[in-house]
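The values are calculated or read from the model by the stated rules, or taken from the named source; none is laboratory data. Being a predicted model, the structure only gives us computed values, none of them experimental. Every residue, glycine among them, receives a Cβ derived from its backbone with ideal geometry; neighbour counts consider all protein chains shown.
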Amino acid sequence: MTRVDLITLSLFIAVAEETSLAKAAEREHLAASAISKRLADLELNFDIKLFERKPNGMFLTAAGSALLHHARLVMRNVADLEAELQDFSAGVRGTIRVQANATAMARYLPEDLKSFLVLYPEVRVELDESTTPDTLRAIADNAADIGIYGDVIVPADLTSLIYRADRLALLVPLDHPLAAKECVSFADTVEYDYIGAPKGSSIDTALTRASTDLGVSLRMSTRTSGFDAISRMVAAGLGIAVVPDSVATSYAESLNVKVLKLNERWAERRLMICVRSIDALTPAAAAFLAHLNCT
């Protein structure tokens with residue numbers, strides 16, 4: 001059996017995305033007949049049909065769709081490999097792709113990154129903020145090396161480690177009816193307008209589950225991203241919000257808001273680190289994982 005080569009995979013992806021030999025040929029600067037020959041050889045090699053050839057274009061079969069998924073992963077990995085080798089040639093010892101939730105970005109990662117880069121100054125870290133579902137998807141698809149997320153969602157097919165213990169609190173304006181309290185239950189809050197975190201975030205997921213358990217719907221007056229924006233909206237009297245206690249305390253010192261203890265079991269949560277496989281990490285990513293896991 002002939003091995004699949006990268007050129008054929010690249011041409012296959014082009015035809016799948018363009019649904020046309022002619023358009024793929026134009027995109028790849030090759031003759032359509034040359035691409036057709038490679039695809040025919042690929043189908044013959046595996047004794048499968050990858051495309052339904054119709055008058056209005058070429059469309060993937062089920063086998064073709066499966067191959068497209070893997071072909072894109074292979075080409076992405078090759079691109080990552082080339083970038084990694086270029087980093088080494090430039091004296092940079094690897095690039096680490098990290099996706100993390102807003103809590104980690106605002107509270108913990110800045111100091112951890114600072115101490116890591118002191119130890120490994122030639123490593124480059126690409127850091128993106130994302131919600132928990134997006135982070136887990138990025139790790140599963142190998143679009144990121146390390147993810148940090150709230151433990152309200154438990155992935156079955158990834159390796160997860162504890163990063164930090166984290167507590168959620170309620171942030172309210174100073175003149176709010178709840179501001180006279182020091183501690184509240186979630187049930188005490190549901191009659192008031194909320195400033196919501198982005199949909200799919202770990203905090204949003206926790207609030208959705210808690211309101212479902214009570215059989216109520218939260219009154220979301222506004223949704224926004226970033227704890228700074230959320231806290232300022234609370235200070236402006238637009239609603240109340242659930243945010244990490246450490247973040248809420250820092251804003252309470254500078255804004256007209258009060259931090260209340262949220263007396264709920266789900267308010268005690270953990271931030272988790274996840275990877276596809278510890279053994280498959282690059283040396284730079286493995287070093288960063290070890291650093292995060294011991295800080």
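Could you tell me which residue of region 181-190 is surrounded by the fewest Cβ atoms within 10 Å (Cβ to Cβ), considering only residues that are in contact (Cβ under 8 Å) with a residue 60 or more places away in the chain and not in a strand (DSSP E or B)?
Glu182
Among the numbered conditions (1) over 30 Å from Arg270 (Cβ atoms); (2) aliphatic (A, V, I, L, M); (3) not in a strand (DSSP E or B), tell me where Leu109 comes up short.
Result: Leu109 passes all but (1).
Kindly list, by first and then second residue, each pair from a residue in region 230-243 that is outside the structural domain of Lys258 (by TED's automatic domain parsing) and on the phi > 0 side of the Ramachandran plot to a residue that is modelled with pLDDT of 95 or more and among the hydroxyl-bearing types (Ser, Thr, Tyr), limited to pairs with Cβ atoms under 8 Å and residues at least 6 apart or on different chains.
From residues that are outside the structural domain of Lys258 (by TED's automatic domain parsing) and on the phi > 0 side of the Ramachandran plot, there are no pairs.
Only residues that are exposed (fewer than 15 other Cβ atoms within 10 Å of the Cβ) and either of a type in the set (D, E, K, R) or within 21 Å of Ser231 (Cα to Cα) (or both): list them for region 271-284, please.
Asp279
Might you check whether a residue that is more than 20 Å from Asp166 (Cα to Cα) and in a loop (DSSP other than H, G, I, E, B) occurs anywhere in region 221-231? Let's see the steps before the verdict.
Looking only at region 221-231, we keep the residues that are more than 20 Å from Asp166 (Cα to Cα), and these are 221-224, 229.
If we keep only those that are in a loop (DSSP other than H, G, I, E, B) too, we end up with 224.
Yes, because at least one residue in region 221-231 is more than 20 Å from Asp166 (Cα to Cα) and in a loop (DSSP other than H, G, I, E, B).
Go through Asp204, Asp188 for me and flag whichever is at pLDDT 90 or above and closer than 12 Å to Ala102 by Cβ. I'd like the intermediate steps shown before the answer.
On the way: Asp188 fails: closer than 12 Å to Ala102 by Cβ.
None of the others qualify; the one that does is Asp204.
With the checklist (1) over 30 Å from Leu85 (Cα atoms); (2) in a strand (DSSP E or B); (3) in contact with a Ser or Thr (Cβ under 8 Å, 6 or more places away or on another chain) in hand, flag the one item Leu255 doesn't pass.
Only one criterion is unmet by Leu255, namely (2).
Identify, please: which residue in region 142-180 is surrounded by 16 or more Cβ atoms within 10 Å (Cβ to Cβ) and of a type in the set (D, E, K, R) and is, among those, farthest from Leu260 (Cα to Cα)?
Asp145
With the structure loaded, tell me whether Arg3 is exposed (fewer than 11 other Cβ atoms within 10 Å of the Cβ), out of contact with any Cys (no Cβ under 7 Å at 6 or more places or on another chain) and either free of Cβ contacts under 8 Å to residues at least 60 places away in the same chain or not β-branched (Val, Ile, Thr) (or both) or whether it fails that test. Working first, answer last.
On the way: exposed (fewer than 11 other Cβ atoms within 10 Å of the Cβ): yes; out of contact with any Cys (no Cβ under 7 Å at 6 or more places or on another chain): yes; either free of Cβ contacts under 8 Å to residues at least 60 places away in the same chain or not β-branched (Val, Ile, Thr) (or both): yes.
Taking the combined requirement at face value, the residue satisfies it.
What about Ile195, is it within 17 Å of Asp134 (Cβ to Cβ) and in the same structural domain as Ala229 (by TED's automatic domain parsing)?
So Ile195 does not fit the description; no.
Look through Ala144, Ala156, Ala179, Ala169 and report the one residue that is at pLDDT below 90, small (Gly, Ala, Ser) and at negative phi.
None of the others qualify; the one that does is Ala156.
Working only within region 208-220, note down all residues that are assigned to a loop (DSSP other than H, G, I, E, B) and either under 16 Å from Thr131 (Cα atoms) or β-branched (Val, Ile, Thr) (or both). Please lay out each step first, then the result.
Going residue by residue through region 208-220, those that are assigned to a loop (DSSP other than H, G, I, E, B) are 215-218.
Passing the criteria: only Val216.
Determine which member of the set Val247, Val259 is buried (at least 22 other Cβ atoms within 10 Å of the Cβ) and in the same structural domain as Ala206 (by TED's automatic domain parsing).
Just one listed residue meets the conditions, Val247.
Hey, could you check region 112-133 for residues that are touching a strand residue (DSSP E or B) at 6+ places or on another chain (Cβ under 7 Å) and closer than 14 Å to Cys274 by Cβ and say which is modelled with the lowest pLDDT?
First, pick out the residues of region 112-133 that are touching a strand residue (DSSP E or B) at 6+ places or on another chain (Cβ under 7 Å): 113, 123-130, 132.
Then keep just the ones that are closer than 14 Å to Cys274 by Cβ; that gives 130, 132.
On the way: Ser130: 91, Thr132: 87.
Taking the candidates together, the pick is Thr132.
Does Asp80 satisfy the criteria of being over 26 Å from Asp5 (Cα atoms) and either touching a Pro at 6+ places or on another chain (Cβ under 6 Å) or among the acidic types (Asp, Glu) (or both)?
Criteria not met by Asp80.
Could you tell me whether region 128-137 includes any residue that is buried (at least 17 other Cβ atoms within 10 Å of the Cβ) and closer than 20 Å to Thr282 by Cα?
Yes, that holds for at least one residue.
Mind checking which residues of region 6-37 are surrounded by fewer than 18 Cβ atoms within 10 Å (Cβ to Cβ), assigned to a helix (DSSP H, G or I) and either outside the structural domain of Leu68 (by TED's automatic domain parsing) or of a type outside the set (S, T, N, Q) (or both)?
Once the filter is applied, which keeps residues that are surrounded by fewer than 18 Cβ atoms within 10 Å (Cβ to Cβ), assigned to a helix (DSSP H, G or I) and either outside the structural domain of Leu68 (by TED's automatic domain parsing) or of a type outside the set (S, T, N, Q) (or both), region 6-37 yields Leu6, Ile7, Glu17, Glu18, Ala22, Lys23, Glu26, Arg27, Ala32, Ala34, Lys37.
Among (1) over 20 Å from Thr132 (Cα atoms); (2) surrounded by 14 or more Cβ atoms within 10 Å (Cβ to Cβ); (3) touching a residue at least 60 places away in the same chain (Cβ under 8 Å), where does Thr205 come up short?
Going through the list (1) over 20 Å from Thr132 (Cα atoms); (2) surrounded by 14 or more Cβ atoms within 10 Å (Cβ to Cβ); (3) touching a residue at least 60 places away in the same chain (Cβ under 8 Å), Thr205 breaks only (1).
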